[in-house]
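Scroll down for the structure; my scribbles are underneath it.
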Amino acid sequence: MAQVVLITGATGFLGAHLCRALIESGRAVVAFRRRTSDLRRLGPLAGQIRWHCLPDELEAAFSGPAFPDAVIHCAALYGRRGESPVQMIEANTLLPVRLYHLAAQRGVPLFLNTDTILDPTLDLYALSKHHAAQWLMRVGGATPVFNLKVQHFYGPGDDPSKFITRLIGQCLANVPEIRLTDGLQRRDFIYVTDVVGAMLALLDHAAQNPPGGGFTNYEIGSGNPVPVRDLVELIHTLTGSRSRLLFGALPHRPAEPMLTGADTSALRALGWHPLVQLHEGLARTIEDQKLPVALNRTANI
């Protein structure tokens with residue numbers, strides 16, 4: 001029997017890449033979506049997924065022939081579209097706790113929660129994700145929780161509001177000026193398929209060595225933080241942009257850390273390591289974003 005994995009956030013950036021990798025590895029995917037969810041990121045793969053609609057079918061996903069061997073919670077609200085604090089709490093805190101409660105009640109062998117490395121004082125997204133991890137640590141029981149503290153991931157198809165995709169878009173458009181901080185912050189950037197690879201490595205490890213419950217943190221990143229300024233200049237070069245980079249024009253955010261980086265030793269001990277270097281990952285992401293720009297230019301001729 002193929003391993004069955006239940007996913008939240010399947011229509012999002014990370015979730016869509018995860019669904020593709022799971023299906024390609026021979027696993028069966030069951031996923032939640034809202035009735036208004038856009039399935040375009042998944043393309044033809046959407047027809048290979050067994051869907052349940054939120055919030056009405058939360059419990060239904062834990063019954064019937066497609067009972068999950070593992071749950072992966074990828075859904076998240078970032079607060080970039082004016083979501084209220086209540087919406088942030090419901091999506092980022094209450095949903096994973098409810099999901100874990102059902103998984104534990106029904107005897108699901110494994111629960112993976114995607115967490116953030118951001119300080120909870122930074123914004124409501126970081127605060128609500130922090131609260132979810134705290135609750136999962138407190139209520140965790142026989143169903144083990146692997147809490148995945150994911151660094152800054154990027155890649156083709158990411159949300160245009162994210163820093164890397166927004167910056168690529170500005171560079172490709174050759175906007176006259178791009179206002180930035182001094183760029184001295186060091187960040188750990190990881191390509192999205194390497195994040196997915198870490199998740200699959202953990203699924204394989206748990207299947208071969210069933211954990212006995214509890215709560216375990218795993219850090220996912222390249223393990224090689226780079227100055228944001230270096231990242232920006234690399235994107236500027238790869239796009240051949242004529243935009244002027246104004247470093248120091250913006251202040252750092254309150255409570256913004258100057259260094260974030262993953263300790264990947266636990267994952268490397270399982271045989272996982274990042275496969276896509278920053279230069280290659282950015283080049284792929286830029287090529288992906290060039291396509292709609294080229295199509296728009298053709299349409300306007």
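Rule-based calculations on the coordinates, nothing more; no lab input. Computed from a predicted structure; not experimentally measured. For neighbour counting, all protein chains shown are included, and Cβ atoms are generated from backbone atoms with ideal geometry for every residue, glycine included.
Assorted remarks:
- Nearest 10 degrees, 0 to 90: helix 13-24 Cα axis against the chain principal axis: 60 degrees
- Note on Thr260, Thr93: ascending count of other Cβ atoms within 10 Å places them as Thr260, Thr93, the fewest first.
- Taking a straight Cα-Cα cut-off under 23 Å and skipping sequence neighbours fewer than 8 places away in the same chain, the lysines within cross-link reach of Lys149 are Lys129, Lys162.
- Of Thr181, Thr143, the sequence from fewest to most neighbouring Cβ atoms within 10 angstrom is Thr181, Thr143.
- Between region 44-64 and region 164-190, the Cα center-to-center distance that results, in Å: 38 Å
- Between the listed residues Gly183, Pro68, Gly221, the Cα displaced farthest toward the positive end of the dipole of the chain, a dipole computed from Cβ unit charges relative to the Cα centre, is found at Gly183.
- For region 59-96, the residues whose amide N sits under 18 Å from a probe point set 7 Å from the Cα of Arg138 along the beta carbon direction are 89-96.
- Helix 95-106 and the long axis of the chain differ in direction by around 30°, with both axes built from C-alpha atoms.
- Taking other Cβ atoms within 10 Å as a rough exposure proxy, Met199, Met258 sort from fewest to most as Met258, Met199.
- In the chain, the inverse of the mean reciprocal separation of distinct Cα atoms equals 20.3 Å; this is its Kirkwood hydrodynamic radius.
- Convex hull volume per residue for region 182-286, taking Cα atoms only, in Å³: 106 Å³
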